[in-house]
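Every number here is computed from the coordinates shown, using simple stated rules; none is lab data. This structure is a prediction, so every number in the text was calculated from the model and none was measured. FYI the Cβ positions are ideal-geometry reconstructions off the backbone, even for glycines, and counts take in every protein chain you see.
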Amino acid sequence: MIGEHAPSALSTAVTAVDWWPGSVYAWAAGEGRSLLPLRRWLARDRGVPKSHQNVTGYWTEQPAAVSTAEVSGPAPTDPHVLLSPVPWFASRAALSLGLLDAVADAPRPVGALADALGIAGQTIEALVDYLVVIEVLLRDGEAVRLGPVGELVLDEDELRGEHDDGLEGRALAALAELGPAVGAGQSAYARHHGRSLWADLQDDRELFADQLGEARGFPFVVRGLPALASWQGARAVTVTGIGAPTLVATEGLEEVRFTVVEPPVPAAVLREEIASAEVRVEHGFERSDLVVAALALRYRTDDEVRALLAQAAASADRLLVVEELTDPTVVPTDHEAEHLLLRLSGTGSPTRTPERIVALAGDSGWDLVRHTSLGWNFEAFELTRTGA
């Protein structure tokens with residue numbers, strides 16, 4: 001663990017070690033700001049991809065308390081701060097233009113930045129002026145450098161994900177359409193981007209690959225799936241969803257013939273993720289004993305869920321749906337509430353309850369046999385095809 005004296009600990013305990021051969025996976029936890037040098041070293045010096053890093057800030061060191069008279073700037077409850085989208089959009093523009101990366105290592109004159117980024121001088125000046133106001137950048141004579149907010153945006157994977165053109169950044173941008181979309185019963189994402197979130201995922205290799213890391217907790221419950229009644233006697237099993245690589249790698253299932261089904265682009269990603277040559281990866285459903293939707297619903301609208309489950313009903317008599325759900329009886333934290341809102345923005349549906357999943361399955365030709373809680377907020381729904 002890297003503590004509050006991270007730079008010295010990093011130089012002595014991490015950077016001094018002999019680098020390992022092969023593929024390295026890095027895990028670290030500690031105070032948020034203390035981990036920034038470690039993230040930078042892993043990414044820039046060692047070239048460790050995001051998919052092979054889990055560097056998590058479990059807390060943030062708070063500054064000493066100050067009196068009200070010492071606090072400068074608007075209070076956090078100032079409605080002008082609360083309702084203004086300008087800081088987020090300005091920071092996102094700086095990140096997408098490469099402005100923050102361009103000054104990450106050393107201050108640079110604004111004119112040189114304009115030339116390097118291919119932006120008109122007066123245009124970049126207007127953006128820089130505002131970024132200085134919100135401390136994303138700081139002026140250093142004729143040059144500008146990263147400010148404290150800019151360092152966080154650049155080095156915190158989560159913050160950077162909120163500002164870049166990844167899935168979370170796109171969902172955040174779509175919040176501009178949330179009011180009209182909710183009023184019309186639509187997805188804000190589709191209204192803003194002109195296509196659904198799932199349509200983007202199935203056409204964008206990098207976006208889909210990023211989501212494979214979102215199956216957190218699934219490895220801890222997946223071993224219990226073969227013990228469910230619907231699995232008994234199943235020898236040909238079709239799997240779809242971001243949980244597929246974890247499921248097909250489960251020990252003790254060597255006699256099962258797995259086929260993973262996804263559209264062409266996600267299928268290409270999964271072929272690289274799945275180590276076993278015995279597992280087939282296809283683009284369409286084939287006849288099988290059991291279909292498992294392993295975390296396959298979370299990025300789909302209700303209509304897209306119905307379409308997927310209808311395809312499954314045409315290929316098997318048994319269906320197992322596994323999803324990570326939110327307990328509606330627990331008050332969400334601020335962070336959780338924000339992600340629930342982004343899910344609403346992305347799919348047009350609020351957090352799905354067990355009753356909602358059963359209803360969607362019923363619309364697609366399935367009857368519920370059994371609902372089981374697996375732990376870690378994962379729920380399993382065993383279904384049989386209507387009339388089978």
Checklist entry - Under unit Cβ charges (Lys, Arg +1; Asp, Glu -1), what dipole magnitude, rounded to 20 debye, does the range 294-381 have relative to its Cα centre? => result 220 debye
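Note the full-extension length gain between Leu340 and Glu286 as 0.36 nm times their separation in residues minus their Cα-Cα distance, in nm to one decimal. Provide the component values of the computation, followed by the final result.
Details: separation 54, 0.36 × 54 = 19.44 nm, distance 3.43 nm.
Result: 16.0 nm gained on full extension.
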Next on the checklist: I'd like the GluC sites (Glu not before Pro) in the range 248-350 restricted to DSSP loop residues with at most 14 other Cβ atoms within 10 Å, sorted by number.
Outcome noted: Glu251, Glu254, Glu255, Glu278, Glu286
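Work out which chymotrypsin sites (Phe, Trp or Tyr not before Pro) in the chain are exposed loop sites (DSSP not H, G, I, E or B, at most 14 other Cβ within 10 Å) and give the longest gap free of them. Write down the numbers at each step before the final one.
On the way: sites that count: Trp19, Tyr25, Trp376.
After excluding every exposed loop site, the longest remaining stretch is 26-375.
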Item to check | Coarse-grained scattering of the chain at q = 0.10 Å⁻¹, given as base-10 log I(q)/I(0) from a Debye sum over alpha-carbon atoms | outcome: -0.80
Checklist outcome for this item: Non-local residues with an amide H under 5 Å from the amide H of Arg370, with H modelled 1.01 Å from N and Pro and chain starts lacking one, are Glu382
Checklist entry - Local charge sum around Arg318 (other residues, Cβ-Cβ under 9 Å, Lys/Arg +1, Asp/Glu -1)? => result -2
Item to check | Förster radius 30 Å - calculated FRET efficiency between Trp376 and Ala275 (Cβ-Cβ, nearest 0.05) | outcome: 0.80
Next on the checklist: Along the charge dipole of the range 273-388, pointing to its positive end and built from +1/-1 on Cβ of Lys, Arg, Asp and Glu, which listed residue (Gly348, Pro332, Gly375) has its Cα farthest out?
Outcome noted: Gly348
Checklist entry - Where nothing but the Cβ of Lys and Arg (+1) and of Asp and Glu (-1) is charged, how large is the charge dipole of the chain around its Cα centre, in debye to the nearest 20? => result 760 debye
Item to check | Estimated [θ] at 222 nm from DSSP helical runs (n ≥ 4, -39500 (n - 2.57)) normalised by residues in the chain, nearest 500 | outcome: -10500 deg cm²/dmol
Checklist entry - Quick one: putting +1 on the C-beta of Lys and Arg, -1 on the C-beta of Asp and Glu, what dipole do you get for the range 243-340 around its Cα centre, in Debye to the nearest 20? => result 400 debye
